[in-house]
Structures are given as structure tokens and as C-alpha cells.
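Undergrad: Just passing along the structure, written as C-alpha cells.
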Amino acid sequence: MRRRSLLLSVPAGLVTLAGCGDDGDSGSAKSSKSPSPSASAAASAPPPPKIVDGPVPAITAGTKFGEKPTVAKGTGEPSKDLAVRTVIAGNGKTVAENDYIQANYLGQIWSTAKVFDNSYDRGTPLVIQLAQGQIIDGWRYGLVGKKAGSRVEMAVPPTWGYGSEGNAQAGIKGTDTLVFVVDIEDTFNSKSSAKGKDVPQKDASLPTVGTNTDGQAPKITVPKKDAPTKLVANYVIEGDGPEVKADSSVLVQYEGVLWDSGKEFDSTYKRGQLASFSLGQVVKGWAQGLTGKKVGSRVLIVIPPALGYGDNPPQGSSIKKDSTLVFSVDILAKM
């Protein structure tokens, strides 16, 4: 299992399909193996910081976007404010608060230059939401307004990092200012969609799914035919990103309807909020249907009862026993 980021301020709740039809977060929160401040500390967040453009230490090697940087030790006293400097300006989408970002990063301690975390060595960028309670406040405030394709360096005082308690497991004291270099690869919000090549939908016995990529829910049209008895997982739009593995976590947009009626029962589009989860936490039809599919894709998944909820549908939902479920799933990122 890959090592988790140290940036989480509290373990993030993961949405699972067990809550289809619920408006609230019905997912179960997994406890993070990463050290993190308590939920009560995150709930009493400090006021927004003043943002200044320095000082930040020099980047002495790995100076290109996407390269693992080497960062000098901080000199003198760091700012008591949040120091943020755009080292490389990108021209992609602008990051907003509550967006998810995909980024590579390195974090070290100002006074010692000790690296306590980096994603470059793991070979997998971090995908995380810039929201209170999901990530340290230095990132939440420092990256808003930056554009994808940018390299940003930040010096984060304890107030907007791990607070006066620090993070003992990472070797961070309560007085340490933290230095981060962040390469923002992409940003996602409730209007994000798949991106790739449309794939012909020729099987008249299967639902058709709209190929619009405007952030609106694609139309799902269910044929007046018997539902398939086996799992269907077909590309509607084929992306060119990495393949999803059976143990992956993913960030998605999705729309779910019932085969019998075509009635919507769950939708991230309707909630205006993306969903993120591990494939180990969802019904078998989702896990099997998304495994092997490429990031950036839109996938039609038709789930027979045996791979869905069978005779035990979620309470309070419009799903009846032994329902066949139809989903359009946009795989935005692997987490």
C-alpha cells in the first residue's frame, strides 16, 4: 500500500455507494495512518492569514516543473505571515477554494532543510480537496488563485500548518515553519468532465449515455428491453490517463438511474460535489467495472443485482430489491 500524505488535517470521509439516495455524507471515514491534528483543532480554524511573497528558500536543483526539487535551508527568521511565491506560472485552469487539485510536492522544515514528505519519490501525485478539515490551511489559502501548470513555493508558519502541537511522527515541532514546493498538475470541481475520444455506442440492447463535457449530467437513455444479467462496463469517452487498479482510489463524477424506470437515484451533478472513494469500499459492480479503465474516461456501467445491492438496498433510497443499476461515471483522477 502506498504511503499516505502528511498533509491531511483530519481523515477525509470517503463516499461509498452504500449511501446512494442520501443527501448527506454516508461514507465511512477511515482512520489515517498519517499523523494529523485532531478534528476539534481543525474545527477551530484560525482566521485567514496575510499572504506575502517571501522570504522563501532558494530552489537549487530540480528547477523544472515536475522535477523533484532540492531546496536550500531557510536563512534568517521566516515570516510570521504565509509566504507564497509563484516560481513557474502555468496557464491552466485557476484553482478555487474547495476544488480538488492534483499535484506533486515536497515539504521540508525551514530551519533544518529536513525533508519530511514528498510525492515525487512515490511516483504518484496527490489528489486532495482544498477545503477546511481536508488539508492544512497553508495549502488551502496559499494555492487558491494559482493556475494548473504552476510551481508554487510556500513558507507555512505553525498557525497554518500543524499548530503548536506540531507533528511528532513527521519530526515537526510546534515552532517549525514548513517549506513546500508544489507543482499543480490539474484542478477539478463540480463542473469537471471526462476528456477523450467518443466511443461509438452501437449495442441497441444497452443504455446510451450523452457525450457532453460541459459539466452537466449526461443523459442516460435506457432501452425498453430486458436488463443484462452480467456486468457491463463500456467506454463512452475513452481518456488517455493511467489505468485504474483494483486497489485504486478515484475522484469521479457520476449519474445513476434505475434500469426499470430510468429514474435518477443518485448524482454528483445534482449535489454539486465530486465523489472520492477506494474501489475497496464500493459495490462489486463499481469495483469490477472501473478496474482497468483509464483516467479521463466516461464509462457506462450496468450492474446486475448480484453485483449491486441485491435484496438489501440502502435504506431511504428509491432503489428496490433486485434492481439493475445504470451509471455514467467520469473518472477524473486516481488518488
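Throughout, read-outs are computed from the coordinates displayed, never taken from laboratory work. All values derive from a computational prediction rather than experimental measurement. All Cβ positions, glycine included, derive from the backbone under ideal geometry; neighbour counts span all protein chains shown.
Undergrad: Based on a Kirkwood Rh over C-alpha pairs, give the Stokes-Einstein translational diffusion coefficient of segment 265-304 at 25 °C and viscosity 0.890 mPa s in µm²/s.
TA: Details: Rh = 11.6 Å.
My calculation gives 212 µm²/s for D.
Undergrad: Among the trypsin sites (Lys or Arg not before Pro) in segment 74-161, which ones are in a DSSP loop with at most 12 other Cβ atoms within 10 Å of the Cβ? Mind listing them?
TA: Sparse-neighbourhood loop trypsin sites (Lys or Arg not before Pro): none present.
Undergrad: Hey, what number do you get for the chain at 222 nm if only DSSP H runs of n ≥ 4 count, each worth -39500 (n - 2.57), divided across all residues, to the nearest 500?
TA: Details: 4 runs with 22 residues, N = 335.
That comes out to -1500 deg cm²/dmol.
Undergrad: Follow-up question, since we're still on this one. Excluding same-chain residues fewer than 8 positions from Lys270, which lysines have a Cα within less than 20 Å of its Cα?
TA: Reachable lysines: Lys191, Lys219.
Undergrad: For the pairs Lys245/Lys320; Lys202/Lys293; Lys147/Lys284; Lys146/Lys197, note any where the Cα-Cα span goes beyond 27 Å. Provide the component values of the computation, followed by the final result.
TA: Numbers: Lys245/Lys320 30 Å; Lys202/Lys293 19 Å; Lys147/Lys284 37 Å; Lys146/Lys197 29 Å.
Distance filter (> 27 Å) returns Lys245/Lys320; Lys147/Lys284; Lys146/Lys197.
Undergrad: Set the bar at 30 Å for Cα to Cα. Now go through Lys93/Lys114; Lys73/Lys195; Lys68/Lys294 and name every pair that lies beyond it. Could the numbers behind the result be given before it?
TA: Values: Lys93/Lys114 32 Å; Lys73/Lys195 41 Å; Lys68/Lys294 26 Å.
In this structure, Lys93/Lys114; Lys73/Lys195 exceed 30 Å between Cα atoms.
Undergrad: Among Gly92, Gly239, Gly107, determine the one that fluctuates most according to a GNM of the chain built with springs between C-alpha atoms less than 10 Å apart.
TA: Gly92
Undergrad: What is the Cα convex hull volume of segment 197-334 when expressed per residue in Å³?
TA: In segment 197-334, the Cα hull volume divided by residue count equals 100 Å³.
Undergrad: Suppose the chain between Ala58 and Ala113 were pulled fully straight at 0.36 nm per residue; how much longer would it get relative to their current alpha carbon spacing?
TA: Full-extension gain reported as 18.7 nm.
Undergrad: Using R₀ = 41 Å, calculate the FRET efficiency as 1/(1 + (r/R₀)^6) where r is the Cβ-Cβ separation of Val199 and Gln132; round to 0.05. Present the calculation step by step, with values, prior to reporting the outcome.
TA: Working: r = 39 Å, r/R0 = 0.95.
Calculated transfer efficiency: 0.55.
Undergrad: When the convex hull of the C-alpha atoms of segment 158-207 is computed, what volume per residue in Å³ does it have?
TA: Normalising the Cα hull of segment 158-207 by residue number yields 192 Å³.
Undergrad: While we're here: Using only the alpha carbons, work out the radius of gyration and Dmax of segment 171-244 in angstrom.
TA: Values for segment 171-244 (Cα only, Rg and Dmax): 20.5, 66 Å.
Undergrad: Which distance in nm do the two modelled labels at Ser318 and Glu97 give, with both placed 7 Å along the Cα-to-Cβ direction?
TA: Result for the modelled spin labels: 3.4 nm.
Undergrad: Given Cα pairs under 8 Å that are at least 6 residues apart, what percent is the relative contact order of the chain?
TA: It comes to 17 percent, rounded to a whole number.
Undergrad: Regarding the chain, what's the average projected area of the Cα-atom convex hull, expressed in nm²?
TA: Over every viewing direction, the Cα hull of the chain projects on average to 16.7 nm².
Undergrad: One quarter of the convex hull surface, Cα atoms only: what value does that give for segment 35-188 in nm²?
TA: Projected area, direction-averaged: 8.1 nm².
Undergrad: Next question, about the same structure. Of the chain, which part is the longest with no GluC sites (Glu not before Pro) in a loop (DSSP not H, G, I, E, B) and with at most 15 other C-beta atoms within 10 angstrom?
TA: It runs 98-335.
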